[in-house]
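Enquirer: I'd like to ask you about the structure that follows.
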Amino acid sequence: MNKEETLISTTESEFCLEDYNKLLVRSSKKKVISTPHGNVVVHLQGNNSKNSPTIITFHDLGLNSSLNFEEFFVSNYMSSVIKRFSVIHINAPGQVIDAETIPEEKYPSMAELSEIVEHICYHFGVVNFVGLGAGLGANVLVRVAQQRPKFMTGLILFNCSASSESWIEWMYCKKHIKALKQSEKFPENVIKYLLWYHFGNRKNRSLQNISEKYRFFLENQVNKSNFVLLWETYADRKEIKISREIAQNGKTYFGSARTLRVPILNMVGDESPHVQSTINLNGKLDPKRCTWMKLQDSSSIIEEQPQKVAEAIRLFLHEVC
């Protein structure tokens with residue numbers, strides 16, 4: 001089946017504004033932080049005491065922190081984590097509701113998005129943190145881990161690719177970006193592509209509410225111009241140059257062009273379009289520091305398998321913090 005023929009989309013969303021607004025008020029505090037790459041909206045959750053360890057999240061393409069992570073963090077599955085950790089959810093520039101349009105020439109690159117994470121750390125006085133990212137956000141946090149390993153005590157990744165876009169995917173993206181630029185609203189084929197990006201070619205009707213939630217955000221809440229700029233940034237990303245190299249004594253080399261130093265939990269659903277990307281990344285990591293997990297019967301694991309994801313995160317945090 002063609003990726004644009006995904007069966008989970010609907011022509012008319014049943015997800016309403018009231019439902020979406022509920023996601024924005026669940027125990028989070030909004031702050032706008034000025035950075036060298038523009039103003040960035042962050043949402044704060046969890047334990048705000050000085051000595052609490054920190055988790056920093058970065059969302060995926062077509063979402064923001066409210067849709068991607070905040071509901072998950074206030075679920076019962078994550079109650080023990082939210083009580084202990086201070087959580088900083090970073091939104092990519094211009095991806096929140098009612099965001100002002102950003103000039104094209106001022107939109108940050110992937111490398112500059114990783115610098116935004118560093119600036120947020122400096123702003124809040126965060127000495128080290130556990131990074132948690134999905135898709136685009138996972139790629140950003142891997143760049144931080146490569147350039148500033150002392151910042152990271154651990155890294156949790158969903159659907160992560162450290163490679164540049166393949167020619168086929170790059171052409172798909174450029175085709176849809178062009179259509180998006182020429183339209184006042186999100187064309188249906190672009191919506192279908194983005195739903196495929198998150199869910200693959202799923203026939204499971206249980207995904208209906210989730211896909212409607214994503215569709216509603218794209219059609220009604222996102223700043224289209226800003227979204228296009230972020231999508232172009234991600235589509236044009238360069239490969240993160242890391243590799244697993246073993247010395248004669250059997251130990252792994254580390255360095256700016258070698259593998260990452262931090263412990264990593266690398267997760268994906270078995271029906272996700274990004275399984276191979278996570279496998280490719282896993283092959284570049286130190287096997288003693290990386291755990292690769294594939295969860296069954298899911299594509300968007302944080303939505304479909306929250307209990308299993310939360311359990312894996314709790315165990316990982318127990319080991320690294």
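The values are calculated or read from the model by the stated rules, or taken from the named source; none is laboratory data. A quick note: this is a predicted structure, and the numbers were derived from the prediction, not measured. Backbone-built Cβ (ideal geometry, glycine too); neighbour counts: all protein chains shown. Note: areas computed on protein heavy atoms with side chains; ligands, DNA, RNA excluded. Shrake-Rupley method; radii C 1.70, N 1.55, O 1.52, S 1.80 Å.
Enquirer: Counting DSSP beta bridges in the range 22-120, what percent are antiparallel, to the nearest 5?
Expert: If I count the DSSP bridges inside the range 22-120, around 70 percent turn out antiparallel.
Enquirer: Considering Cα pairs under 8 angstrom that are at least six residues apart, work out the relative contact order of the range 125-176 and quote it in whole percent.
Expert: 39 percent.
Enquirer: Anything in the chain that counts as a DSSP H helix reaching 27 Å or more along its axis (C-alpha) with Kyte-Doolittle mean of at least -1.0? List them, would you?
Expert: none
Enquirer: Also: With each pseudo-label sitting 7 Å past Cα toward Cβ, what's the M293-N128 distance in nm, one decimal?
Expert: The answer from the label model is 2.2 nm.
Enquirer: Among residues other than Q182 whose Cβ falls under 12 Å from its Cβ, what is the net charge (Lys/Arg +1, Asp/Glu -1)? Don't jump to the answer; show the numbers that get you there.
Expert: Details: positive: K175, K178, K181, K185, K224; negative: E184.
Overall, the nearby charge balance is +4.
Enquirer: A follow-up question, please. Once both labels are modelled 7 Å past Cα along the beta-carbon direction, what's the S52-S75 spacing in nm?
Expert: 2.0
Enquirer: Same structure, new question: What percent antiparallel are the DSSP beta bridges of the chain, to the nearest 5?
Expert: The antiparallel proportion sits near 35 percent.
Enquirer: Taking Cα centroids, how far is the range 86-137 from the range 183-222 in Å?
Expert: Here the two parts' Cα centres lie 24 Å apart.
Enquirer: Tell me which label goes with the value of Cα extents along the principal axes in Å computed from the coordinates here: (1) 70, 64, 40; (2) 58, 43, 41; (3) 60, 47, 35.
Expert: Step by step, Cα extents along the principal axes in Å for this structure corresponds to label (2).
Enquirer: Hey, can you find the accessible area per residue of the chain for me, probe 1.4 Å, expressed in square angstrom?
Expert: 46
Enquirer: May I pose another question? Can you compute the FRET efficiency between L44 and W167 using 1/(1 + (r/R0)^6), with r the Cβ-Cβ distance and R0 = 41 Å? Round to the nearest 0.05.
Expert: Working from the Cβ atoms, E equals 0.50.
Enquirer: Determine the gain in length on full extension of the stretch K150-I279; use 0.36 nm per residue of separation and subtract their C-alpha separation, reporting nm with one decimal.
Expert: 43.9 nm
Enquirer: Quick check on the chain: helices-only [θ] at 222 nm, where DSSP H runs of length 4 and up contribute -39,500 (n - 2.57) each and the sum goes over total residues. Nearest 500, please.
Expert: -11000 deg cm²/dmol
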